[in-house]
Amino acid sequence: GEDVEQSLFLSVREGDSSVINCTYTDSSSTYLYWYKQEPGAGLQLLTYIFSNMDMKQDQRLTVLLNKKDKHLSLRIADTQTGDSAIYFCAERKTSYDKVIFGPGTSLSVIP
Amino acid sequence: DVKVTQSSRYLVKRTGEKVFLECVQDMDHENMFWYRQDPGLGLRLIYFSYDVKMKEKGDIPEGYSVSREKKERFSLILESASTNQTSMYLCASRGLAGVGADTQYFGPGTRLTVL
């Protein structure tokens, strides 16, 4: 399909791990991104992964990429209340300079 | 740090008014973008600009125009605002070289309400 897909909502308990999943559209996409949007704010780049990688870790964040299934995930270890936000998955197609965003997953962290 | 600023955080306009949304970036980035964000739809690209005086239509350009007279500034214009243009508008910029190249940096957004 043409759309980047994500679940719209996720709820976890403080201290647990969160896993946010994304299915993207183009197996030739070069860059895949995760952005975070806190209430009332713009998007902040969290991390990105090149398509020739299958995993990237950055402190509490782990990104997994399955190119065959066009599946991207973001794992947040030891989730904190400050992680409550909307998380956007995005892909950049190689044939055009456009970035395609998913609808965003709203993460709620329960104390 | 890259800084992208937008002229207003909140704006209320009446139907038929001409509306200007301004975006300024301080990193000498070549590319700039305007998106609108609506619940459940994510971000949709309105217009983008590869460089000064250049512009390209995005996915939903109808009812909008843009201006890029200087490299640091990208303006979004609603010629005659309508209620269906009530939305959050996000500006972004992207450099082509150096730290953060190929990554979009976003402004804080302007929440526009058209009555």
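The values are calculated or read from the model by the stated rules, or taken from the named source; none is laboratory data. Just so it is clear, the structure is predicted and the values come from calculations on it, not from any experiment. When we count neighbours, we look across all protein chains shown, and the Cβ atoms used for this are built from the backbone with ideal geometry, even at glycine.
Determine whether the range A:77-90 contains at least one residue that is out of contact with any Asp or Glu (no Cβ under 7 Å at 6 or more places or on another chain), among the small types (Gly, Ala, Ser) and in a strand (DSSP E or B).
For the range A:77-90, residues out of contact with any Asp or Glu (no Cβ under 7 Å at 6 or more places or on another chain), among the small types (Gly, Ala, Ser) and in a strand (DSSP E or B): present.
Determine, yes or no, whether A:Thr62 is β-branched (Val, Ile, Thr), buried (at least 16 other Cβ atoms within 10 Å of the Cβ) and not in a strand (DSSP E or B).
So A:Thr62 fails the test.
Provide a single number: the residues in the range A:65-101 that are within 14 Å of chain B (Cβ to nearest Cβ), buried (at least 17 other Cβ atoms within 10 Å of the Cβ) and of a type outside the set (Asp, Glu).
10
Looking at the range B:39-69, which of its residues are touching an Asp or Glu at 6+ places or on another chain (Cβ under 9 Å) and more than 13 Å from chain A (Cβ to nearest Cβ)?
B:Val52, B:Lys53, B:Gly63, B:Tyr64, B:Ser65, B:Arg68 - these are the residues of the range B:39-69 that are touching an Asp or Glu at 6+ places or on another chain (Cβ under 9 Å) and more than 13 Å from chain A (Cβ to nearest Cβ).
Step by step: first the residues of the range B:45-67, then only those that are assigned to a strand (DSSP E or B) and over 11 Å from the mean Cα position of the chain (by Cα), then the one that is surrounded by the most Cβ atoms within 10 Å (Cβ to Cβ). Which residue is that? Don't jump to the end; show me each part of the working.
To start, the set of residues in the range B:45-67 that are assigned to a strand (DSSP E or B) comprises B:45-49, B:56-57, B:64-67.
Those still in the list that are over 11 Å from the mean Cα position of the chain (by Cα) too: B:56-57.
On the way: B:Glu56: 15, B:Lys57: 13.
Ranking the candidates gives B:Glu56 first.
So how many residues does the range A:16-59 have that are within 13 Å of chain B (Cβ to nearest Cβ), hydrophobic (A, V, I, L, M, F, W, C), in a loop (DSSP other than H, G, I, E, B) and under 21 Å from A:Lys70 (Cα atoms)?
Adding up the residues that qualify gives 0.
Inspect all residues belonging to the range B:97-106 and state whether any of them is within 12 Å of chain A (Cβ to nearest Cβ), outside any loop (DSSP other than H, G, I, E, B), within 26 Å of A:Cys89 (Cα to Cα) and under 11 Å from the mean Cα position of the chain (by Cα).
yes
Tell me whether the range A:70-77 contains one or more residues that are modelled with pLDDT under 90 and out of contact with any helix residue (DSSP H, G or I) (no Cβ under 7 Å at 6 or more places or on another chain).
Looking for residues that are modelled with pLDDT under 90 and out of contact with any helix residue (DSSP H, G or I) (no Cβ under 7 Å at 6 or more places or on another chain), one finds none in the range A:70-77, hence no.
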